[in-house]
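*Asks:* Dumping the structure here so I can ask a few things about it.
The values are calculated or read from the model by the stated rules, or taken from the named source; none is laboratory data. Keep in mind that this is a model prediction, so the values were computed, not measured. Glycine also receives a Cβ, built like all others from the backbone with ideal geometry; neighbour counts cover every protein chain displayed. Areas reflect the complete protein model, heavy atoms only, side chains present, ligands, DNA and RNA absent. Shrake-Rupley method; radii C 1.70, N 1.55, O 1.52, S 1.80 Å.
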Amino acid sequence: MAASVSSSASASAIKVPAGVPTLRAGEGNSFLWRRLHSLSGIFPIGAFLVEHFLSNAFATNGGAAYNENVRFLTGLPFVLALEITFIYIPLAFHAGYGFWIWWRGDSNVGDYPWLGNWMYTLQRYSGIAAFFYIGYHTWTMRFSGAHILTHSEVAYAKVWTELQNPWIVAFYFIGLTAASWHFAYGIWLFAAKWGFIVGEQGRKKFGYVCLVIGLALAGMAAGSLYAFITTPESQVPNMQEFQQLQHAAASYVLPALNS
């Protein structure tokens, strides 16, 4: 009888938890930072990601519709302040703290089953891929070449020109897919860690919901890319104006670099 009880107790002691532990107070400063990191991935970063994917989907309605949507967004009051407050600062924090967690090598072996470890690892590497994609995309679209913020009418032409390089198309596809996965699985992690979903069955079912969200976002991104790369140059609005602005921007930068 005693041997049976001992055997049962030993089996319970080595059982690997099947879920994700919720964040709890009393775990030092990391409790607050991890909560902020988790929350920032949903809002405002996740909300902006969804909005950005929807905005890019206007490309499926043609260049004029895309440019008009960009004109609306860039015409919002205090647009630069909105970008800094709700995009750049949260993104810098979320990426910076995420890299800190990755660099420290925080182990999740005791918190996840075998499949969960792979999902967690993929979440980290998809975040790294998304980070470099977002950095490149932000620099090329927002801070170099023709200035979309003041010349929204050339937005479609600028993106179309960028996507004439097949390597850039591949890079965009990988980056957008990584961002879709990272956000979708991030929703699942957020709900699990904040205690919104409990129990193995609840987490499993919500996992399917998040999978659908990720596939929908990736499909939306792929559809937008397809719309750009299949548009004939003759149907790209304001291409000549874009080329002039691009040339003017290059003429301004090159003498500065050579001085």
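*Asks:* Take Ala157 and decide whether it is on the phi < 0 side of the Ramachandran plot and open to solvent by less than 30 Å² (accessible area, probe 1.4 Å).
*Replies:* Working: on the phi < 0 side of the Ramachandran plot: yes; open to solvent by less than 30 Å² (accessible area, probe 1.4 Å): yes.
Against the criterion (on the phi < 0 side of the Ramachandran plot and open to solvent by less than 30 Å² (accessible area, probe 1.4 Å)), Ala157 qualifies.
*Asks:* Checking the conditions here, which among Ile213, Ile197, Ile148, Ile229 is of a type in the set (A, V, I, L, M), open to solvent by less than 50 Å² (accessible area, probe 1.4 Å) and under 30 Å from Leu76 (Cα atoms)? Reasoning before the result, please.
*Replies:* Values: Ile213 fails: open to solvent by less than 50 Å² (accessible area, probe 1.4 Å); Ile197 fails: under 30 Å from Leu76 (Cα atoms); Ile229 fails: open to solvent by less than 50 Å² (accessible area, probe 1.4 Å).
Result: Ile148 is the single residue among Ile213, Ile197, Ile148, Ile229 that is of a type in the set (A, V, I, L, M), open to solvent by less than 50 Å² (accessible area, probe 1.4 Å) and under 30 Å from Leu76 (Cα atoms).
*Asks:* Please verify whether the stretch 130-144 includes one or more residues that are under 24 Å from Pro44 (Cα atoms) and among the charged types (D, E, K, R). Reasoning before the result, please.
*Replies:* Of all residues in the stretch 130-144, those under 24 Å from Pro44 (Cα atoms) come to 130-143.
Within this subset, residues satisfying the condition of being among the charged types (D, E, K, R) are 142.
Yes, some residue in the stretch 130-144 is under 24 Å from Pro44 (Cα atoms) and among the charged types (D, E, K, R).
*Asks:* Answer with yes or no whether Glu162 is acidic (Asp, Glu), within 29 Å of Asn61 (Cβ to Cβ), surrounded by 14 or more Cβ atoms within 10 Å (Cβ to Cβ) and within 26 Å of the chain's Cα centre (by Cα).
*Replies:* yes
*Asks:* Go through the stretch 187-234 and report how many residues are outside any helix (DSSP H, G or I) and either under 19 Å from Phe53 (Cβ atoms) or at pLDDT 95 or above (or both). Talk me through it step by step, then tell me what you get.
*Replies:* Keep residues of the stretch 187-234 that are outside any helix (DSSP H, G or I), which gives 194-199, 230-232.
If we keep only those that are either under 19 Å from Phe53 (Cβ atoms) or at pLDDT 95 or above (or both) too, we end up with 230-232.
The qualifying residues number 3.
*Asks:* Taking the residues in the stretch 232-253 that are among the polar types (S, T, N, Q) and within 16 Å of Tyr156 (Cβ to Cβ) as candidates, determine which candidate is surrounded by the fewest Cβ atoms within 10 Å (Cβ to Cβ). Outline the logic, then answer.
*Replies:* Residues of the stretch 232-253 that are among the polar types (S, T, N, Q), as a first pass: 234-235, 238, 240, 243-244, 246, 251.
Cutting the leftovers down to within 16 Å of Tyr156 (Cβ to Cβ) gives us 234-235, 238, 240, 243-244, 246.
On the way: Ser234: 6, Gln235: 12, Asn238: 21, Gln240: 10, Gln243: 14, Gln244: 13, Gln246: 17.
Applying the filter and picking the extreme gives Ser234.
*Asks:* While we're looking at this one, here's another question. Select from the stretch 111-145 the residues that are of a type in the set (D, E, K, R) and surrounded by 14 or more Cβ atoms within 10 Å (Cβ to Cβ) and write down the one among them that is modelled with the lowest pLDDT.
*Replies:* Residues of the stretch 111-145 that are of a type in the set (D, E, K, R), as a first pass: 111, 124, 142.
If we keep only those that are surrounded by 14 or more Cβ atoms within 10 Å (Cβ to Cβ) too, we end up with 111, 124.
Values: Asp111: 52, Arg124: 89.
By that ranking, first place goes to Asp111.
*Asks:* Right, something else. For the stretch 87-105, which residues satisfy the criterion of being modelled with pLDDT under 85 and surrounded by fewer than 13 Cβ atoms within 10 Å (Cβ to Cβ)?
*Replies:* Applying the first criterion (modelled with pLDDT under 85) to the stretch 87-105 yields 101-105.
If the condition is that a residue be modelled with pLDDT under 85 and surrounded by fewer than 13 Cβ atoms within 10 Å (Cβ to Cβ), then Trp103, Arg104, Gly105 are the ones that fit.
*Asks:* If you scan the stretch 170-194, which residues turn out to be open to solvent by less than 30 Å² (accessible area, probe 1.4 Å) and either of a type in the set (D, E, K, R) or within 30 Å of Phe242 (Cβ to Cβ) (or both)?
*Replies:* Scanning the stretch 170-194 gives Tyr172, Gly175, Leu176, Ala178, Ala179, Ser180.
*Asks:* Looking at Ser224 and the list (1) farther than 28 Å from His37 by Cβ; (2) open to solvent by 60 Å² or more (accessible area, probe 1.4 Å); (3) of a type in the set (Ser, Thr, Tyr), which single condition is not satisfied?
*Replies:* Every listed condition holds for Ser224 apart from (2).
*Asks:* Residues that are over 20 Å from the mean Cα position of the chain (by Cα), modelled with pLDDT of 95 or more and not in a helix (DSSP H, G or I): does the stretch 237-259 have at least one?
*Replies:* Checked against the condition, which is being over 20 Å from the mean Cα position of the chain (by Cα), modelled with pLDDT of 95 or more and not in a helix (DSSP H, G or I), the stretch 237-259 yields at least one hit.
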